[in-house]
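The structure appears right after this line, and notes come after that.
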Amino acid sequence: MKVIRTVAELKQQVGAKRAAGCSIGLVPTMGALHAGHISLIDRARSDNDIVVVSVFVNPTQFNNPEDLRTYPRTEEADCEKLTAAGVDYAFIPSVEEVYPEPDTRVFDLGPVAEVMEGPMRPGHFNGVAQIVSKLFAMVEPDKAYFGEKDFQQIAVIRRMVELEGFNIEIIDCPIKRESDGLAMSSRNVRLTAEQRAIAPNIAKTLSESLDYALSHSVQETKQYVIDTINSYPQLEVEYYEIVDGLTMQPIENWADAEVAVGCITVYCGEVRLIDNIKYTNKK
Ligand code: PAF
């Protein structure tokens, strides 16, 4: 695997592969890699001739400076994992390389960005659109891979692709979970042992709500999830919304969406965890 730190070298190396007829898959990451990222890379490997993984903690998507400061940075371990996963290029640029001048672009992300994470993390999705659009322009991949844990993020990225006219296929990949159900996340390493033992109750409750939903309304199901999770020590639901899986808009009735998705964020102590579940065949 080759580590690339400049945009010029990235363009030159990947451009040569593209000119030789290779298909290019891009997996954007912020590092602190875990098995969830590796599953995206595996998928990219099987779909493409060349796999590029970017490792960049993007400052413009952090609305909380403390979160940016404490975000785990583990470059050496990441490179070992990327090599083992058979990645061709790891693009690990500096902030100055990506943002030689401030990115002042404001994307018209529309309704998909106006709910849930939108109001909770002002500026976050615009920052995601900035970095992902820059990476897309730098790498020019055929396909790009994103995890469904950040379910709303994928809808935002699809919207950005539409706005910018990128000819890139967005591939969403299923959530990877620990054996006790906790959705894999780079933030999990910040949980204390006690919090780590409690956190799987988020996924457990979401999973139990599938049964509950069979005989209850959307509102009742939302309340069930919120009350159950809040009953555990150290867990505090920030929001739980059941939305149309395409538009991200909250639904009133199960029949309002082809696929309804329950999206949750929960504080486990100081750590903000995110997860979701699909309610299908509810019509
Ligand atoms: O999901 C992430 O890790 C980030 O939001 C992404 C897509 C790599 C952009 O920085």
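A few points about this structure:
- Between amide H atoms placed 1.01 Å from N, distances below 5 Å from THR265 occur with GLU238, TYR239, all of them 5 or more places distant or on a separate chain.
- Scalar couplings 3J(HN,Hα) for the stretch 99-111, obtained by applying the Karplus form with A = 6.51, B = -1.76, C = 1.60 to θ = phi - 60°, are 10, x, 9, x, 8, 9, 5, 10, 8, 8, 7, x, x Hz; x denotes Gly and Pro.
- Partners for LYS222 among lysines (Cα-Cα distance below 30 Å; same-chain residues under 8 apart left out): LYS149, LYS176, LYS204, LYS278, LYS282, LYS283
- For the stretch 95-141, the set of GluC sites (Glu not before Pro) satisfying both a DSSP loop assignment and a count of at most 13 other C-beta atoms within 10 Å is given as GLU114.
- Whether the stretch 140-283 is rounded, prolate or oblate, judged on the alpha carbon gyration tensor where a/c under 1.5 counts as rounded: oblate
- Look at the Cα gyration tensor of the chain: its axes a ≥ b ≥ c give a/c of at least 1.5 with a/b over b/c, and that counts as prolate.
- Across the stretch 169-277, C-alpha contacts under 8 Å between residues 6 or more apart give a mean separation that, scaled by the residue count, equals a relative contact order of 24 percent.
- Three-way shape call for the stretch 50-200 based on the alpha-carbon gyration tensor, with the a/c threshold at 1.5: rounded
We did not get these values from a lab; they are worked out from the coordinates using the rules stated. Because the structure is a prediction, the values reported are computed rather than measured. A quick note on method: Cβ atoms are made from the backbone with ideal geometry, for glycine too, and the neighbour counts reach across all protein chains shown.
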